[in-house]
Amino acid sequence: MTTPGAAHPVRAGSPAQAGGLRAGDRILAVDGNLVPDARVAVAAVRSRRPGSTIVLTVGRGSGRLRLSVRLATGLPRPVPR
């Protein structure tokens, strides 16, 4: 059995944060398509067009949520050191 994708730290100001994703959330589905693990979840998100809105079904604690996330349209900015 595989484990659904767990969100690692969510970068401040990222589309994921704006969409409500939190560290520790488990991504269960992308646009209604179940994802068995983090690798498949990442591939599903990357296959979508930049700027499009996707719906993530996530497990948080003992519940489930549906989050709408608008994907970034450009390359991420480097984090200042």
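Show the residue pairs meeting these rules: Cβ distance below 6 Å; 6+ apart or different chains; first residue within segment 54-81 and among the charged types (D, E, K, R); second residue modelled with pLDDT under 95 and part of a loop (DSSP other than H, G, I, E, B). Partner pairs satisfying both residue conditions: Arg60/Asp25.
Could you please let me know if Arg39 is surrounded by fewer than 16 Cβ atoms within 10 Å (Cβ to Cβ), closer than 19 Å to Pro9 by Cβ and in contact (Cβ under 8 Å) with a residue 24 or more places away in the chain? Judged against the criteria, Arg39 is a match.
Being modelled with pLDDT under 95 and either within 13 Å of Ser14 (Cβ to Cβ) or over 12 Å from the mean Cα position of the chain (by Cα) (or both) is the requirement here; does Arg77 meet it? Criteria met by Arg77. Only one of the numbered conditions (1) surrounded by 15 or more Cβ atoms within 10 Å (Cβ to Cβ); (2) hydrophobic (A, V, I, L, M, F, W, C); (3) modelled with pLDDT under 95 is violated by Leu56, and that is (3).
The values are calculated or read from the model by the stated rules, or taken from the named source; none is laboratory data. The shown structure was predicted, so the numbers you read here are calculated from the model rather than taken from an experiment. Here Cβ is always computed from backbone atoms with ideal geometry, including for glycine, and neighbour counts include all displayed protein chains.
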